[in-house]
Amino acid sequence: MMTTDIVPAPVHPLTREQIENRLRYCPRLPSLSTINSALRELLNADQRYTSQVAEIIRRDPSLTARLLRLVNSVYYGLSTPVNSIEEAVFYLGVRQIRQLVMVTPIIEDFQKLARQTPFPWRDFWQHCIGTAILTGEVIGTLRAPTGEVDYVAGLIHDVGRIALAAACPEHFEAIYLGPGSSRRNPMELERQILGMDHAELGALYLKSHHLPDALVDVARFHHQPERAAHHVHLTAAVQIADLLVRHARIGNSGNTEPVSHDDWFNASGWGLLFPSHADQEKAESEKALARANLERSLERLPTILDGLV
């Protein structure tokens, strides 16, 4: 009896209306709207009691495991392992705890959304978290604190790829796992195979679930921040962070095209963050300082990510 290989059915591009209809049935990410409010309120209080913070963390086994793994990473250089949540909270500090609280439920939601779609998801989370951390570093050089929105914006900038895996798994596999996928620009493939790229898809997904405009704009314009009418600094910061993480080959965003030093160094976002029309010398000085800080942060990023993911 003869056997023949089963050839997968070809996928066809979808219209915008078809894509929007599919997105309506995608589960929302509850973590984006309610990120452990009890812990957030406690961390924002004037009196921060380590024991209370530890008690809230202890209720979440996933968060507990990630917290202990992070604090025991080589980055912190502790001579003896930390086994106590109270001690871990003491070492990490409030900002790191806030970020950890956000990372844990969002990644878990992402994993549920992507379901069993084959892809190196751990590498993808590392790319997203690395971008989130460096976005905060970029924003910090502007002396323009944005709370935690910079971190969340960096974390979910590529949410369109998650939505693509959830809503159109057959298109996702054709784009990222099909013949020749590694030799083509994935955004071109997305437009050709799906009919829309992941940036626009991510923006539609976030907008359909009533997420803040800042996050929608970052998802839509993080490759071209000069096109953003609002939230320009945040979008530019995410572009720069994304390119630097890709340049360093940390994680896998889904785009394996090499990013040269010049690609990162001359990204359009720099001109948006440090315009030179007023004082060119000052702008160049601030830009150089920001680049140096980012490159220093990049050195310790792999160790932090190994502790988080």
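Values in this text are rule-based calculations from the coordinates and carry no lab data. Quick caveat: nothing in here was measured; it's all calculated off a predicted structure. A quick note on method: Cβ atoms are made from the backbone with ideal geometry, for glycine too, and the neighbour counts reach across all protein chains shown.
Test of the criteria: in segment 204-268, which chymotrypsin sites (Phe, Trp or Tyr not before Pro) are in a DSSP loop and have at most 16 other Cβ atoms within 10 angstrom of their Cβ?
Values: sites: TYR205, PHE221, TRP264, PHE265; in loops: none.
The qualifying sites: there are none.
Largest first and in whole Å, what are the equivalent-ellipsoid semi-axes of segment 235-288 based on the Cα gyration tensor, each being the root of 5 times an eigenvalue? Working shown, then result.
On the way: eigenvalues 127, 20, 12 Å².
The equivalent ellipsoid of segment 235-288 has semi-axes of 25, 10, 8 Å.
So which trypsin sites (Lys or Arg not before Pro) in segment 185-286 end up in coil per DSSP with only 15 or fewer other C-beta atoms within 10 Å?
On the way: sites: ARG191, LYS207, ARG220, ARG227, ARG246, ARG249, LYS282; in loops: ARG249.
Hits after loop and neighbour filter: ARG249.
Could you work out Rg/(2.2 N^0.38 Å) for segment 153-280, with Rg from alpha carbons only?
Its radius of gyration relative to the 2.2 N^0.38 Å reference: 1.08.
Run lengths n ≥ 4 of DSSP H only: what is the helix-derived mean residue ellipticity at 222 nm for the chain, with -39500 (n - 2.57) per run over all residues, to the nearest 500? Display every interim value, and only then the final one.
On the way: 17 runs with 196 residues, N = 309.
So the helix-based figure for the chain works out to -19500 deg cm²/dmol.
Picking from LEU234, LEU92, LEU201, which is most flexible by a Gaussian network model of the chain using Cα springs under 10 Å?
LEU92
Pairs of alpha-carbon atoms within less than 8 angstrom and 6+ residues apart define the contacts here; what relative contact order does the chain have, in percent? List each step's numbers first, then the result.
Numbers: 396 pairs, mean separation 67.6, N = 309.
About 22 percent, as a whole number.
Between the DSSP loop rule and a limit of at most 13 other Cβ atoms within 10 Å, which trypsin sites (Lys or Arg not before Pro) in segment 64-141 are left? Spell out each step's value before the answer.
Details: sites: ARG66, ARG69, ARG95, ARG98, LYS112, ARG115, ARG122; in loops: ARG115.
Answer in residue order: ARG115.
Over the Cα atoms of segment 93-159, Rg to Rh with Kirkwood Rh, two decimal places?
Answer for segment 93-159: 1.01.
Only helices at least 20 Å long along their axis, Cα-based, and averaging 0.0 or more on Kyte-Doolittle count here, so list those DSSP H runs from the chain. Write out the running numbers ahead of the final one.
Numbers: long enough: 85-114 (34 Å, 0.53); 121-141 (30 Å, 0.25); 232-247 (22 Å, 0.96); 280-308 (40 Å, -0.66).
Helix filter hits for the chain: 85-114, 121-141, 232-247.
P(r) for the chain, please, calculated from all Cα pair distances in 10 Å bins and given in %.
Binned Cα distances yield the sequence 6, 26, 33, 23, 10, 2, 1, 0.
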